[in-house]
Amino acid sequence: MTPRTFGLGALAAAALAVAVAFPVFAGGYYVRLATGIFMFGALASAWNLIGGYTGYPDFGGAAFLGIGAYTTGILMLRAHLPFAAALLAGGALAVLAAVGMGTLLLRLRGHYFAIATLGFMLVLRQVAANLPITGGGSGMNLPIASAFTPFYYWMLGTVVLGALGGAIFPRSRAGYAIAAIRENQDAAQVLGIEPLPYKILAYASNALLFGAVGGIYAYWFTFIDPPTVFNIDFSIQAVVMTLLGGPGTALGPVAGAIILKILDTILTNISLFLHNVFFGALVCLLIIFAPRGLAEVLRRRGGIVRAIRAELEDSRV
Amino acid sequence: MTPAGLEGVLRAEHLDAGYGSVQVLWDVSLEVRRGEVVALIGPNGAGKSTLLRVVSGLLRPRRGAVTFDGREITRRTPEEIVRLGIAHVPQGRRLFPDLTVAENLMLGAYARADRAQVAGDLDRVLALFPVLRERLALPAIQLSGGEQQMAALGRALMARPRLLLIDEPSLGLGPIVVQALMEVIGDLRRGGTSVLLVEQDVGVALAHADRGYVLETGRITLTDRAEALLGHAAIRAAYLGLAVGDVGRPGSQDR
């Protein structure tokens, strides 16, 4: 373990301890804000697995969020299952859907994949709007939870899962295969790496987190309808947060979610109009100045500092 | 299952192959025997790389069969073919640019089951290409062209192949580096590895090969021992730029 990864690990552990204790001393507003940050931290971490590490620009994550939300809602409302069981089923169904769709869509590359995933999400929105079991266009009311702090911990669980996934993924055997596929799929293939199963693994892991977040979100907000959960905004925010923090890094997406959500909250309080302008401008600035995110900017600055130091030491001799 | 002796390690028979509506290979047959370096030469667009893609399973032929060690591999996936002992060094090196040299090399051993021996093989590859040892922690994209070709060849060797398919190793490299690569290929052959070498530099290829095949517009037009091909009038005129009577040592400086 290098000093740097050890430092990051210690920082993450300290942050986790603070996060666990947070609802004890913080007011309801801040707990709610933090729950939202965790939610998007988990979505960004999830997108990072398929979009960052694997290099497949998924824009249909909301499909899995919706599957998780509706499965949880339907099982709680119609089958009277406890929340945890319904949530588990929602996550499992999202994974199954990802394996099925991934088998078809992950053969596409680049823009074609992005558009196809978006199409898949929109199809599911139409299906949800027209099925009797989902309540159709008028949506679905879930039972109201007796307390709201548990949602904070559920969302904390998803973001921890996402960050752990992001940390373990690149160091695993599958992670190396996925890096090879991202860098050059043809070359990976002639080395004996069969691309599709690994891509499905990344896509299904992404779907598991989107699905789990969807299930928690549904119970937390107590009302879902097709446009709220099958909403491309979830994907776009996850993408921007990942790009801000650093795609293909373990904690970058979470850092991106924290920064963006806090900035967004401040700006929304100042002006509803401004906050959308800000969002668009940020995307443009990011792509121009830091296409690999803040993690890369920090690394580069470290490099500059080291270079200057080496230069000074040379001149002393 | 595999008879000893001169039984062909690789045999391609009556291959037709292409992309979409374009047929590239027409009734191509070729053989690489155990421990042999076979050069596949011919002009741009003749189908040389396509033939390698068929052998390594990246492209399904429309007709014909490929056998390796007497086993049919025509319908197998690239992953299975690597495991059977055929490694492909694609044209343009195709390294993983943002991964380190060490990661690139280790990925070459990805399909292997005998992981305990991989570290020893890494040492052997680094002994063949000592310059790579100093570059292990660098991203592959920062290597020079020659070093990249060495890394690509080293990565293929990490699969411990019995047959190496090498596509245009000299592309964009200086004569000294090409000479060094060819010497490594010679070492491999002495170690019992068979090589199917696709090469634009016909002089270099034939100087280091046992036999050669000439592929023109998707058809094998000529095959012979390498020395015989070097002396062949049509080859000398078309690829080496020499008239029939010219005296000249075969090699890159003769072009």
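The values are calculated or read from the model by the stated rules, or taken from the named source; none is laboratory data. All of these numbers come straight from a predicted model, not from anything done at the bench. For neighbour counting, all protein chains shown are included, and Cβ atoms are generated from backbone atoms with ideal geometry for every residue, glycine included. SASA here: full protein model, heavy atoms, side chains in, ligands and nucleic acids out. Shrake-Rupley method; radii C 1.70, N 1.55, O 1.52, S 1.80 Å.
Structure above, values below:
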read-out: Subset of region A:175-228 [of a type in the set (G, A, S), within 14 Å of chain B (Cβ to nearest Cβ) and part of a helix (DSSP H, G or I)]; value: A:G175, A:A177, A:A179, A:A180, A:A187, A:A188
read-out: Tabulated pairs, region A:218-240, first more than 11 Å from A:L43 (Cα to Cα), second open to solvent by 50 Å² or more (accessible area, probe 1.4 Å) and of a type in the set (K, R), C-beta under 8 angstrom, 6+ apart or interchain; value: A:P226/A:R125; A:P227/A:R125; A:F230/A:R125
read-out: Which numbered condition A:L244 misses (of (1) at pLDDT below 90; (2) more than 14 Å from chain B (Cβ to nearest Cβ); (3) open to solvent by 30 Å² or more (accessible area, probe 1.4 Å)); value: (3)
read-out: Residue in region B:78-94 that is nearest to B:L58 (Cα to Cα), counting only those that are of a type in the set (A, V, I, L, M), more than 7 Å from chain A (Cβ to nearest Cβ) and buried (at least 21 other Cβ atoms within 10 Å of the Cβ); value: B:I81
read-out: Odd one out for B:R53, checked against (1) in contact (Cβ under 8 Å) with a residue 60 or more places away in the chain; (2) more than 7 Å from every other protein chain (Cβ to nearest Cβ); value: (1)
read-out: Any hit, region B:117-126, residues being more than 30 Å from B:R11 (Cβ to Cβ) and either part of a strand (DSSP E or B) or open to solvent by 60 Å² or more (accessible area, probe 1.4 Å) (or both); value: yes
read-out: Subset of region A:155-182 [among the small types (G, A, S) and touching a residue at least 12 places away in the same chain (Cβ under 8 Å)]; value: A:G162, A:A163, A:G165, A:G166, A:A167, A:A174, A:G175, A:A177, A:A179, A:A180
read-out: Identity of the residue in region A:125-144, free of Cβ contacts under 8 Å to residues at least 40 places away in the same chain and in a loop (DSSP other than H, G, I, E, B), that ends up least open to solvent (accessible area, probe 1.4 Å); value: A:L131
read-out: Hits in region B:103-116 - residues which are more than 9 Å from chain A (Cβ to nearest Cβ) and buried (at least 22 other Cβ atoms within 10 Å of the Cβ); value: B:L105
read-out: Residue within region B:58-65 that is crowded, with 17+ Cβ neighbours inside 10 Å, within 10 Å of chain A (Cβ to nearest Cβ) and at pLDDT 90 or above present; value: yes
read-out: Top-ranked residue of region A:62-82 - restricted to ones that are assigned to a helix (DSSP H, G or I) and at pLDDT below 95, ranked as farthest from the chain's Cα centre (by Cα); value: A:R78
read-out: Residue match in region A:196-207 (condition: assigned by TED's automatic domain parsing to the domain that holds A:R107, without any contact (Cβ under 8 Å) to a residue 24 or more places away in the chain and surrounded by fewer than 24 Cβ atoms within 10 Å (Cβ to Cβ)); value: yes
read-out: Within region A:242-277, tally of residues that are under 21 Å from the mean Cα position of the chain (by Cα) and aromatic (F, W, Y); value: 0
